[in-house]
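Enquirer: What follows is a single structure, and I will ask about it in a moment.
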Amino acid sequence: MILLTPQLRDQLRANDRARSEALRRGEPTPDPVPVVRFFNPVGAATWLATELDEDGILFGIADLGFGCPEMGSFALAALEAIRLPFGLGIERDLHFEGRLPLSVYADAARRTGSLIEAERLLHRAAATSKPSPV
């Protein structure tokens, strides 16, 4: 599977440029919404990414399934190189749509010890907070 389409790459690069520009101007860095979600189809590892620099380094949340999700950087090439059982590799969630800033996902993941559980809680909270149709 191709992990990044040209459109996703463009969005991630735009977020990286926005962060760099904010730093250059001495302004607070943006807290973008995750653009892409990667996952291990035979394990618990999950990654959300908001940025991609010119060297192929992504920024976001990495949760390898050990109870300690972390914000930080990870290499796109490293994700692409992972070989799993049955000839599988890391996959991109084709249906992922980030709705909240990365910091919200990170806070929930730290509290629950799992990015997957954090996503469930945030999804459930969003579903219950929608106004009911009249």
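Enquirer: Tell me the residue from D31, D16 that is of a type in the set (D, E), surrounded by 13 or more Cβ atoms within 10 Å (Cβ to Cβ) and not in a helix (DSSP H, G or I), please.
Expert: D31
Enquirer: Condition (residue is more than 15 Å from the chain's Cα centre (by Cα) and polar (S, T, N, Q)) applied to the range 70-78: is it met by at least one residue?
Expert: Scanning the range 70-78, I find no residue that is more than 15 Å from the chain's Cα centre (by Cα) and polar (S, T, N, Q), so the answer is no.
Enquirer: Given (1) part of a loop (DSSP other than H, G, I, E, B); (2) at pLDDT 95 or above; (3) under 21 Å from F96 (Cα atoms); (4) more than 12 Å from the chain's Cα centre (by Cα), where does M1 come up short, assuming only one miss?
Expert: (2)
Here is a yes/no grid of residues against (1) in contact (Cβ under 8 Å) with a residue 60 or more places away in the chain; (2) out of contact with any Cys (no Cβ under 7 Å at 6 or more places or on another chain); (3) under 19 Å from Y105 (Cβ atoms):
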{"residue": "D10", "(1), (2), (3)": "no, yes, no"}
{"residue": "E21", "(1), (2), (3)": "no, yes, no"}
{"residue": "G26", "(1), (2), (3)": "no, yes, no"}
{"residue": "T29", "(1), (2), (3)": "no, yes, yes"}
{"residue": "V36", "(1), (2), (3)": "yes, yes, yes"}
{"residue": "T46", "(1), (2), (3)": "yes, yes, yes"}
{"residue": "A49", "(1), (2), (3)": "no, yes, yes"}
{"residue": "C68", "(1), (2), (3)": "no, yes, yes"}
{"residue": "F74", "(1), (2), (3)": "no, yes, yes"}
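Enquirer: A further question on this structure: Looking only at residues that are aromatic (F, W, Y) and modelled with pLDDT of 95 or more in the range 67-102, which one is surrounded by the most Cβ atoms within 10 Å (Cβ to Cβ)?
Expert: So, considering only residues that are aromatic (F, W, Y) and modelled with pLDDT of 95 or more, the one surrounded by the most Cβ atoms within 10 Å (Cβ to Cβ) is F74.
The values are calculated or read from the model by the stated rules, or taken from the named source; none is laboratory data. Note that the structure is a prediction, hence the values are computed from the model and not measured. Cβ sites come from the backbone with ideal geometry, for glycine too, and all protein chains shown count toward neighbours.
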